[in-house]
Amino acid sequence: MGFIDWKEEYATGVSVVDAQHQCMFELINALHDAMREGQTKVIIGTVLDDLVAYTKVHFHDEEVLMEQYGFAGWRRHTKEHQAFASEIEDASQRYLLGRPINTVDLITRLKQWLTSHILGTDQEFGPFLRARGVK
Ligand SMILES: [Fe+2]
Ligand SMILES: [Fe+2]
């Protein structure tokens, strides 16, 4: 078992979104594995870079889908993305500036935000998009 395991309840039914969520889980699990093995310093910079880059792509893809199909909750959803994107960009900047990062707090926050966003906000567009033929 990983630190954050994929469960069926996380699925939105939109394949690109679900695959991207699973990739984000893998990144977080890689960080957790490194922490357990005392290798945090070796991997933290790469994981932060990957997370910043990957969340940008993922959030953009979701936002394009919502906008394209006229999903009413698009604006509120996008605001949640922006808030989280700046949080991880801040963490990445702190790391680049050589400031200490509490990786336990970071990984706990990543898991908490991602699971609650997927189970709450992302689930809202799943049925909407599927009803419009998006798979
Ligand atoms: Fe998402
Ligand atoms: Fe989202």
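Each value in this text was obtained by applying a stated rule to the coordinates, not by laboratory testing. All values reported here derive from a predicted model rather than from experimental measurement. Every residue, glycine among them, receives a Cβ derived from its backbone with ideal geometry; neighbour counts consider all protein chains shown.
For the chain, give the magnitude of the charge dipole about the Cα centre (Cβ charges: +1 Lys/Arg, -1 Asp/Glu; no others), in debye to the nearest 20. Provide the component values of the computation, followed by the final result.
Details: 14 positive and 20 negative charges, 41 e Å.
About 200 debye.
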Report summary line: Listing 135, 56 by rising number of other beta-carbon atoms within 10 angstrom, fewest first, gives 135, 56
**Report entry** Longest to shortest principal axis, alpha-carbon extents of the stretch 56-119, angstrom
**Finding:** 42, 23, 16
Report task. Cross-chain or 8 or more residues apart, Cα under 20 Å: how many lysine pairs in the chain fit that? Count them up, please. Result -> 6
Query raised in the report: Angle between the Cα long axis of helix 103-117 and the longest principal axis of the chain, 0 to 90 degrees, nearest 10?
Result: 10
Query - Positive-pole candidate from 106, 59, 74, dipole of the stretch 13-126, charges at beta carbon - result: 106
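With the radius of gyration and the Kirkwood radius both derived from the Cα set of the stretch 13-126, what is their ratio Rg to Rh?
Working: Rg = 14.7 Å, Rh = 14.8 Å.
Checking Rg against Rh, the ratio lands at 0.99.
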Query raised in the report: Which residues in the stretch 107-135 have a backbone N closer than 18 Å to a point placed 7 Å from the Cα of residue 1 along the Cα-to-Cβ line?
Result: 108, 111-112, 115-116
